[in-house]
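The values are calculated or read from the model by the stated rules, or taken from the named source; none is laboratory data. The structure displayed is predicted, hence computed values, not measured ones. Positions of Cβ are backbone-derived with ideal geometry, glycine not excepted, and every protein chain shown enters the neighbour counts. Heavy atoms of the whole protein, side chains included, go into the accessibility calculation; ligands, DNA and RNA do not. Shrake-Rupley method; radii C 1.70, N 1.55, O 1.52, S 1.80 Å.
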Amino acid sequence: MARDQIDPTFITSRDELVAWFEAGSKPAESFRIGTEHEKFPFRRADLSPVPYEGTDGIRALLEGMQLLLGWEPIMEDGRIIGLFDVTGGGAISLEPGGQFELSGAPLETIHQTCSELHAHLAQVRQVAEPLGVGFLGLGMSPKWTLAETPVMPKGRYDIMTRYMPKVGARGLDMMYRTSTVQVNLDFSSEADMVHKLRVSLALQPIATALFANSPFTEGKPNGFVSARSEIWRDTDNNRAGMLPWAFDAGMGFERYVDYALDVPMCFVKRGDHYHDVAGASFRDLLAGTLPQLPGERATVADWANHLSTIFPEVRLKRYLEMRGADSGPTGRICALPSFWVGLLYDQQSLDAAWELVKDWTADERQRLRDEVPREGLKARIRNRSTLDVARDALALADAGLARRAKVNLFGDDERIHLAPLLRVVEDEATLADALLAKFNGPWGGRVDPVFAEFAY
């Protein structure tokens, strides 16, 4: 997340929280695409992680990016922790273990998203190369222990670091050793939100399989094709998961508000200070009775920041966030928005995708989600493999992008960005499968070569 919200408007009722979500609805012609991706910085000389301080550290990297881009610095306790483009809306931020994130601007086409990505990577290389720093596009750091992983100086991460081990076994791995690519997409109404949320929740394990790219931990195979996804199964089940109730009758903004109100809080920010309220109820803050901050009243910023600490497979804000994919090489980053835009921004494909998944039960959806991290394309739902469903979903995405008919300067429509996923189903193998084959073959049981093959 680039930066915490700062809107000080007071919120006094549940109805206002519902209205906050409703205000995110927009006409289809105003739909935009926001792509976020994370990557691991590493020192090219010895493949070690990059700390915050030092002449070749994350701080120096951010300061160099600020000079290059002219973006507004995001500061905390006198230290730069990110950058914000006040004109375009994009941002650069840090995840807990130094994962370097681009939160892309809201753009109209996937072509623009891909151009933004290539420009960002070129800019990062311009600053990073003199520092001897490279970037790795994998879903989990393949070599470093948790103890070796640096810690970024952000107050919210300090609180989460203390809290996460109390609610799951893998929370610190999630924070410090995983990396993802996400796409944020709009909805036109409550009904449209529900339709898109249900389809994307059901198909999120399919995306996880298509983008599986985290088979190594601490230099060895970890038994999964997406260890990142497996880690989420034991991080904090109060704030993560498949949201089975989203498929119940009556689902809407109100139901999501009630869910979010029941998720324990992590922090409340006042000024530049993060107050540790981990485990507390937002309902108490709403009522002005939060024990840790008696008399404090909830604000819009508090609500938005609280929502940012909830991590379901698809997250609702004033848009929908697709959260199931491992980070990967450049083409895969462009492919993620292609997959979801083709499915969700074309009504015909959206309706057909619902027909594909509407009969799946909550137990079947959960079983698929639980099996995919290990089994990948071989995981099954009913009598079909994930590979079979992926083929159907990609065909629908392809058709949806064709009907969108958004072309680049060469006359190509957005379907060109689906090519890496089409290769996955053609080869019947994920990136993780390919990496494991190299590990067991030409790499001679070493993970170091992945830093060369998957470096940006």
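Scan the range 42-71 and report the pairs whose first residue is farther than 28 Å from Val86 by Cα and whose second residue is open to solvent by 60 Å² or more (accessible area, probe 1.4 Å), with Cβ atoms within less than 7 Å and a gap of 6+ or a chain change.
Leu47/Lys143; Pro49/Glu148
Restricting attention to the range 41-80, report how many residues are open to solvent by less than 10 Å² (accessible area, probe 1.4 Å) and either touching a Lys or Arg at 6+ places or on another chain (Cβ under 9 Å) or of a type in the set (A, V, I, L, M) (or both).
Of the residues in that region, 7 qualify.
Run Arg297 past the list (1) part of a helix (DSSP H, G or I); (2) surrounded by fewer than 21 Cβ atoms within 10 Å (Cβ to Cβ) and report the number of the one that doesn't hold.
Exception for Arg297: condition (1).
Suppose we filter Glu29, Glu63, Glu16, Glu53 for residues that are closer than 30 Å to Phe211 by Cβ, over 23 Å from the mean Cα position of the chain (by Cα) and either assigned to a strand (DSSP E or B) or not aliphatic (A, V, I, L, M) (or both); which single one remains?
Every option except Glu29 fails the conditions.
Could you check, for the range 116-132, whether at least one of its residues is touching a Pro at 6+ places or on another chain (Cβ under 6 Å) and either at positive phi or surrounded by 23 or more Cβ atoms within 10 Å (Cβ to Cβ) (or both)?
No, every residue in the range 116-132 fails to be touching a Pro at 6+ places or on another chain (Cβ under 6 Å) and either at positive phi or surrounded by 23 or more Cβ atoms within 10 Å (Cβ to Cβ) (or both).
Please indicate, with yes or no, whether at least one residue in the range 35-48 is of a type in the set (D, E, K, R) and within 30 Å of Arg297 (Cβ to Cβ).
Looking for residues that are of a type in the set (D, E, K, R) and within 30 Å of Arg297 (Cβ to Cβ), one finds none in the range 35-48, hence no.
Here is a list: Val86, Val127. Which entry is at pLDDT below 95 and over 21 Å from the mean Cα position of the chain (by Cα)?
Matching residue, one of Val86, Val127: Val86.
Residues Ala122, Ala91, Ala60: which one is at pLDDT 95 or above and more than 27 Å from Asn184 (Cβ to Cβ)?
Answer to the check: Ala60.
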